[in-house]
Structures are given as C-alpha cells and as structure tokens.
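Working notes, beginning with the structure itself.
The values are calculated or read from the model by the stated rules, or taken from the named source; none is laboratory data. Note that the structure is a prediction, hence the values are computed from the model and not measured. Because the Cβ atoms are built from the backbone with ideal geometry, glycine has one as well, and the counts that use them run over all protein chains shown. These area figures cover heavy atoms from the full protein model, side chains too; ligands, DNA and RNA do not enter into them. Shrake-Rupley method; radii C 1.70, N 1.55, O 1.52, S 1.80 Å.
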Amino acid sequence: MTINAKTSVYCVIGDPISHSLSPNIHNAAFKRLKLNSVYLAFKVQKEFLVEAVKGLKSIGVKGFNVTIPHKVSIIPLLDKLDPLAEKIGAVNTVKNVDGKLIGYNTDGEGVLKAFEVEDVSLKNKKVVMVGAGGAARALAFTFANHAKEIVILNRTEEKALELASSISRSYNLPVKGLKLNMENLSLELKDAEVVVNATSVGMHPNIDETPIPKNLIKPEMVVFDVVYRPIKTRLLKEAKQVGAKTINGLAMLVFQAVKAFEIWTGLTPPIDAMFRAALRGLKG
Ligand code: ATR
C-alpha cells in the first residue's frame, strides 16, 4: 500500500523503544489486510510525555500503544478509561475516537490467550508471581479472575504489598504480597501450580540471570515468562529440563497486539502473519 495523504497513522511510545516488535507485528497485519495504515515507534522520554500525547492527539493519530515507562503516568492525560484499564491502573493501548483518547489494557487478554493456546487453565490454581511493576499489575488482575490463590513476590516489598492489597479490594480470593527472597520463594513454590516471571530478570543482555532457581521448579508446574528476548530464557530452559510445562512471552506480546488491533480497526486480525512478523523481528 502506498503511503499517501489518506494514510492512517498508529504508533508506540516508550523509552527505550528501538527493540520494540510492535511495528513489525502491526505493519504485517495492515499489509495482510491491505489497509492504508502505518505503525511507527517513537522514543518519548518521561519529561516529554505530556507534549507527545498532545501532539499525537492534535495530528489525529488513530491509535497508539504505550510501553515502559508510561503505562501508568499516561492515565491522567487520557479523556476516558475502559473499565478494565481503570481497575488495573495501567494502559497499554489508546484509541482516538473523534478526538478523544480512550485508554485500554490488552496485556491481560494477551496472557490469557497465551495460556489458552497452550491449553493451560488457570482455574483453581495457585499462582506464584515474581514482580510488581506495570506488566505484573495487568497479569495479577487477570489471574485474579481465574486462580484460587495468588502470591506476589517483589524485590521492593512495598510494591508487592500494594499490588496484593489493590487486588484484594476487587476480588474475593487470597492474595499475598511478599519480599522476593529465597526463604519466601521456596516456601511459596512448594505447592505452586503456575509460576510467573513478570520482571525483566533474564532479559537480553542479561541472559544468564534467572529469577527462580532451578531446584525450586517441579515437573507438575507451568512456568510462564513475560520476557521474550530471548524467547527461551534461562528460567524457561531450566523449567523444561526439569520437565515442567513452559509458556514464553512472545505469545503474550502478539496477543496483546491482536486485541489492540481489534480495538483500533474493528477487524479480525491476521494472527498468523502477526506471529511470523514477531518471530522475524526477533531474529533480525
Ligand atoms: P514492567 O512494566 O516491565 O513491569 P517495571 O514497572 O519497571 O517494568 O517493573 C519491573 C519489575 O522487575 C519490578 O517488579 C522490579 O522490581 P522492583 O519493583 O523492586 O524494582 C523487577 N526487577 C527488575 N530488575 C530486577 C532484579 N534484578 N531483581 C529482581 N527484580 C527485578
């Protein structure tokens, strides 16, 4: 499709942004559906967020994704929030509807689909999660809809406690926030059924790091890592060696994009083309 004066513009804003796979994923979908649309990535530093959002709104960008470090701080800059994004307290997708910016969160849908395609149910499972940042918030609220119990361990204990108590306010299930240390990890992992890394530990270039030691992983567990660069993190490699079922972060990335694409265009996204573009982008 030739870019012309009628081309619809979408983008992602964040910092850092140069490794984002979102342009690969969405442009592949636009191409497959022959839409006159383009998706770009813009590095927006924290101090420029207000100007950037005003600019995107004033030039009529149709929609955009929001990533680290803006997922929470963008909220007051939007005109309206979808109820789920409001509950989670973080936004990763914005739609421009007649000049009004509406915030959504599609990360939860992304992780649910990633579990669904692997045929893993969260129903009545004990979920132990490491991390309490922006990504962790969306995951924890999503798991709270299905799991029987959630434990959140974080390096900064207060953030784990805060996230646990905000989930407890909305959902009726046991949720615990704890300091991330060996003692708490080994105790909580004894009867954990789903284990989640929602931190950046193990992400490129620190690929030799892992948030959970191999000796605490059991064959009955399902281990999910939000990190997708590399696609097989040390955590997932070791979990596989132990015999546990593993789910990588790429599926969540693609499915959150699939949901965002649906919100923006109202069309059925070409999931296979989006997956292939993400994989090509990872290798390239
Ligand atoms: P994101 O939006 O990807 O979740 P974030 O909000 O910056 O990014 O959150 C990063 C998460 O990774 C946090 O839970 C962070 O722990 P702190 O709250 O203590 O900062 C966690 N994290 C990052 N590096 C870590 C490390 N080396 N060890 C343990 N946790 C780490």
Open item on the list: Among the residues of the range 145-161, are any assigned to a strand (DSSP E or B), within 16 Å of the ligand (Cβ to nearest atom), within 18 Å of the chain's Cα centre (by Cα) and not hydrophobic (A, V, I, L, M, F, W, C)?
Closed with: yes
Open item on the list: With the requirement that a residue be surrounded by fewer than 24 Cβ atoms within 10 Å (Cβ to Cβ) and within 16 Å of the ligand (Cβ to nearest atom), what does the range 93-103 give you?
Closed with: Gly103
TODO: Go through the range 70-88 and give me each residue that's in contact (Cβ under 8 Å) with a residue 40 or more places away in the chain and either of a type outside the set (A, V, I, L, M) or assigned to a loop (DSSP other than H, G, I, E, B) (or both).
DONE: His70, Lys71, Val72, Lys87
Open item on the list: Among the residues of the range 162-190, what is the count of those that are away from the ligand (no atom under 15 Å from the Cβ), open to solvent by 30 Å² or more (accessible area, probe 1.4 Å) and under 15 Å from Ile212 (Cβ atoms)?
Closed with: 4
TODO: Exactly one condition in (1) more than 10 Å from the ligand (Cβ to nearest atom); (2) among the hydrophobic types (A, V, I, L, M, F, W, C); (3) open to solvent by less than 40 Å² (accessible area, probe 1.4 Å); (4) touching a strand residue (DSSP E or B) at 6+ places or on another chain (Cβ under 8 Å) is not met by Phe141; state its number.
DONE: (4)
Open item on the list: Please determine whether any residue of the range 124-138 is within 16 Å of the ligand (Cβ to nearest atom), at positive phi, in a loop (DSSP other than H, G, I, E, B) and assigned by TED's automatic domain parsing to the domain that holds Pro230.
Closed with: yes
Task: Residue under evaluation Ala52, criteria (1) open to solvent by 10 Å² or more (accessible area, probe 1.4 Å); (2) touching a helix residue (DSSP H, G or I) at 6+ places or on another chain (Cβ under 8 Å); (3) at pLDDT 95 or above, criterion not met - done: (2)
Task: Single match in Ala90, Ala114 (criterion: more than 21 Å from Ser18 (Cα to Cα) and modelled with pLDDT under 95) - done: Ala90
Open item on the list: Quick test of your reading of the structure: Thr233 fulfils all but one of (1) surrounded by fewer than 21 Cβ atoms within 10 Å (Cβ to Cβ); (2) modelled with pLDDT of 95 or more. Name the failing condition by number.
Closed with: (1)
- [ ] Please determine, by comparing only the residues of the range 240-263 that are more than 18 Å from the chain's Cα centre (by Cα) and in contact (Cβ under 8 Å) with a residue 12 or more places away in the chain, which one is most open to solvent (accessible area, probe 1.4 Å).
- [x] Gln241
Task: helices (runs of 4 or more DSSP H) wholly inside the range 165-281 containing at least 1 residues that are closer than 20 Å to Asn124 by Cα - done: 182-189
Open item on the list: Going residue by residue through the range 249-271, is there one that turns out to be within 30 Å of Glu183 (Cβ to Cβ) and out of contact with any Phe, Trp or Tyr (no Cβ under 7 Å at 6 or more places or on another chain)?
Closed with: yes
Open item on the list: Cβ-Cβ distance below 6 Å, separation of 6 or more or different chains: which pairs start in the range 177-206 with a residue that is in the same structural domain as Ala138 (by TED's automatic domain parsing) and end on one that is open to solvent by 80 Å² or more (accessible area, probe 1.4 Å)?
Closed with: Gly177/Leu161; Leu180/Arg155; Val201/Glu209; Gly202/Glu209; Gly202/Arg234
Task: Residues of the range 55-69 satisfying the condition of being at pLDDT 95 or above, farther than 20 Å from Phe261 by Cβ and assigned to a loop (DSSP other than H, G, I, E, B) - done: Ile59
Task: Set Phe48, Phe42, Phe30: member being touching a Ser or Thr at 6+ places or on another chain (Cβ under 8 Å) and aromatic (Phe, Trp, Tyr) - done: Phe30
